[in-house]
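Read the structure below first, then the notes.
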């Protein structure tokens, strides 16, 4: 009987210790850090290659195992378009004074005079050792969002280079830009790469050029140009869908 009472007391003591230890572990368990976006500031005018600087909010116990960055074009009507996405493993050392992101947007990703939303989120991955060593808990932290607008394009002195498309009327295409119309045409034909390729439409000297096409049940195409990629894509879609029996897909956009 004394042995049973001692065992019961020992079990009770161990249970209390386990509860206390579990509470301490739960209290000490790190959460994903909240991102602090230093640059760009909200609603500012930025270049198309604006700098992104982000620090972790270290006011609480937190971790960062993965960084996710997304830039979305804000389109009227709610059909927003993802313009840029990046994710990277991180971070062995965290400091509120040291940026975990310090980079510029790659060239050619963003369009001038366009509204965008910059989103940054951190992820924390830890092994769930209470269930299985093979189970990984992935937890997303708070989402930081900053809206910006890119500056209008600066027109080049002497205007834009001529651009033109080459098509084989079966889905293959090539796009060319050059100092002369002949150079642009030769480049387009080279990229098209088929014997049946030929130059289509007149050369354009605008900033952006786009091609839309439909290859189901036949072949239909449309070329559009404009001061922004959005305008060029819209015109290419309009020209294509006016002739096609169904929807067309924008397959290429280029801005100089």
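So how many residues does the range 156-187 have that are exposed (fewer than 14 other Cβ atoms within 10 Å of the Cβ) and modelled with pLDDT of 95 or more?
0
Within the range 45-62, how many residues are closer than 14 Å to residue 150 by Cα and in contact with a strand residue (DSSP E or B) (Cβ under 6 Å, 6 or more places away or on another chain)? Break it down into steps so the answer makes sense when it comes.
The first filter runs over the range 45-62 and keeps only residues closer than 14 Å to residue 150 by Cα, leaving 45-52.
Now drop any that are not in contact with a strand residue (DSSP E or B) (Cβ under 6 Å, 6 or more places away or on another chain), which leaves 45-46, 48-49, 51-52.
The number of residues fulfilling the criteria is 6.
Among the candidates 202, 242, 238, 190, single out the residue that is surrounded by fewer than 16 Cβ atoms within 10 Å (Cβ to Cβ), free of Cβ contacts under 8 Å to residues at least 40 places away in the same chain and part of a strand (DSSP E or B).
202
Just give me the residues in the range 60-105 being closer than 17 Å to residue 230 by Cβ and either in contact with a helix residue (DSSP H, G or I) (Cβ under 6 Å, 6 or more places away or on another chain) or not in a loop (DSSP other than H, G, I, E, B) (or both), in sequence order.
71, 72, 73, 81, 82, 83, 84
The values are calculated or read from the model by the stated rules, or taken from the named source; none is laboratory data. In this text the structure is predicted, and so the values were computed from the model without any measurement. Don't worry about glycine lacking a Cβ; one is built from the backbone with ideal geometry, like all the others, and counts go over all protein chains shown.
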